[in-house]
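Below you will find the structure I want to go over with you.
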Amino acid sequence: MIPVLVTPPVLRPVSVAEARIHCRLDPNDASEDVLIDGYLLAAIGHLDGWSGLLGRCIMEQTWRVAAPGPGWHVLPMPDVIRAVASYGDGTTEELAVTATAAGPAVSLPAAASVAFTCRMSEAGMDRVRVIVLHMIAAWYRFPEGLGVEAVQEVPLSARELMAALRWRAPL
């Protein structure tokens with residue numbers, strides 16, 4: 001089941017003002033805000049959602065998958081806070097989400113389109129904030145990069161935190 005984004009996140013884990021302070025820029029000087037905002041969006045896009053490095057949602061967002069028939073279906077991302085099935089006859093049903101070893105699962109009586117909303121826990125969000133800030137600071141300090149030897153795409157400190165948050169369902 002490959003998910004399709006239905007409702008993207010509207011919030012960000014870090015504000016431009018927080019990133020500006022982390023980069024040790026003057027908090028009252030907004031001249032670099034467009035650049036910092038670009039780095040912020042790039043960092044979030046690099047980490048978030050189905051295709052992000054974390055393989056999970058950071059901020060609340062809704063995705064949809066097609067379930068081809070009845071039975072148990074493992075949803076492709078964790079941290080599911082709500083799931084709703086839409087059946088071919090036009091009816092909808094709020095689904096109970098069950099934690100399994102393979103990931104969150106729902107039981108369906110028939111084929112359906114399943115919309116599910118995910119949001120990372122607050123404990124995970126604390127780590128994401130640090131990861132995003134470290135990525136922005138590295139990109140701000142080395143905007144063109146200095147090669148693999150000098151700068152990694154993602155700083156080591158961020159990569160270590162990412163390892164604890166990365167999620168992939170077993171095949």
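Read-outs: derived from the displayed coordinates by stated rules, not from any lab. None of the values given here were measured: they were computed from a predicted structure. Quick reminder, even Gly has a Cβ in these numbers, built from the backbone with ideal geometry, and neighbours come from all protein chains shown.
Taking θ as phi - 60°, what are the ³J(HN,Hα) couplings along the range 48-61 by the Karplus curve (6.51, -1.76, 1.60), each to the nearest whole Hz, with x for Gly and Pro?
Using θ = phi - 60°, the values come out as 8, x, 4, 9, x, 4, 7, x, 8, 7, 8, 8, 4, 7 Hz.
If R₀ is 45 angstrom, what is the calculated FRET efficiency for the pair Glu93 and Ala164, using the beta carbon separation as r and rounding to 0.05? Can you show the working numbers first?
On the way: r = 35 Å, r/R0 = 0.77.
It comes out at approximately 0.85.
Cysteines of the chain lacking any other cysteine beta carbon under 4.7 Å?
Here Cys23 come out as lacking a disulfide-compatible partner, given the Cβ-Cβ threshold of under 4.7 Å.
Expressed as an acute angle from 0 to 90° and rounded to the nearest 10, what is the orientation of the C-alpha long axis of helix 122-141 relative to the principal long axis of the chain?
40 degrees
Non-local amide H neighbours of Gln61 (under 5 Å, H modeled in plane, Pro and chain starts lacking H): which ones?
For Gln61, whose amide H was placed from the backbone, the distant partners under 5 Å are Cys118.
Further question: Could you give the length gained on full extension between Arg82 and Ser15, defined as 0.36 nm per residue of separation minus the Cα-Cα distance, in nm?
Residue separation times 0.36 nm, minus the Cα-Cα distance, leaves 21.5 nm.
Mean-square fluctuation check for the chain, GNM, Cα pairs under 10 Å: which of Leu54, Leu108, Leu40 is largest?
Of the options given, Leu108 has the highest mean-square fluctuation.
Can you show me the helix-derived [θ] at 222 nm for the chain, built from DSSP H runs with n ≥ 4 at -39,500 (n - 2.57) apiece and divided by the number of residues, rounded to the nearest 500.
Rounded to the nearest 500, the figure is -9500 deg cm²/dmol.
Right, here's the next one. Normalising by the residue count of the range 61-118, find the relative contact order in percent from Cα pairs under 8 Å and 6+ residues apart.
Relative contact order for the range 61-118 comes out at 53 percent.
Right, something else. With 10 angstrom as the radius, rank Trp50, Trp63 by how many other C-beta atoms surround their C-beta, starting from the fewest.
Trp50, Trp63
Amide H to amide H under 5 Å from Arg82: which residues, 5+ apart in sequence or cross-chain, H placed 1.01 Å off N in plane?
Result for Arg82 returns Thr117.
Sort all Cα-Cα distances of the chain into consecutive 5 angstrom bins from zero, then give the percent of pairs in each bin up to the one containing the longest distance.
Pair shares across the bins are 1, 8, 16, 18, 15, 13, 9, 7, 6, 4, 2, 0.
Could you run the Karplus curve 6.51 cos²θ - 1.76 cosθ + 1.60 with θ = phi - 60° over the range 96-105 and give me ³J(HN,Hα) per residue in whole Hz, x for Gly and Pro?
Once θ is set to phi - 60°, the couplings for the range 96-105 become 7, 9, 10, 6, 10, 4, 7, x, x, 10 Hz.
To continue, here is another question. Please turn the phi angles of the range 9-20 into ³J(HN,Hα) values with the Karplus equation 6.51 cos²θ - 1.76 cosθ + 1.60 (θ = phi - 60°), one per residue in order, whole Hz, x for glycine and proline.
Values, residue by residue: x, 9, 9, 10, x, 9, 8, 4, 4, 5, 5, 4 Hz.
Something else now. Mind checking which of Ile44, Gly103, Met120 is farthest towards the positive end of the chain's charge dipole, using Cβ charges of +1 (Lys, Arg) and -1 (Asp, Glu) about the Cα centre?
Of the options given, the answer is Gly103.
Can you compute the charge dipole magnitude of the chain about its Cα centre, using +1 on each Lys and Arg Cβ and -1 on each Asp and Glu Cβ, nothing else charged? Give it in debye, rounded to the nearest 20. Write out the running numbers ahead of the final one.
On the way: 13 positive and 18 negative charges, 87 e Å.
For this selection, approximately 420 debye.
May I pose another question? Measure nothing but the geometry: give the 0 to 90° angle between the long axis through the Cα atoms of 33-47 and the longest principal axis through the Cα atoms of the chain, rounded to 10°.
40 degrees
Modelled label-to-label distance, Phe142 and Asp126, 7 Å Cα→beta-carbon offset: nm?
Placing both labels 7 Å along Cα→Cβ, they lie 2.9 nm apart.
Taking one equal scatterer on every alpha-carbon of the range 61-118, how large is log10 of I(q)/I(0) by Debye at q = 0.12, 0.21, 0.22, 0.27 1/Å?
Log10 of I(q)/I(0), two decimals: -0.22, -0.70, -0.76, -1.16.
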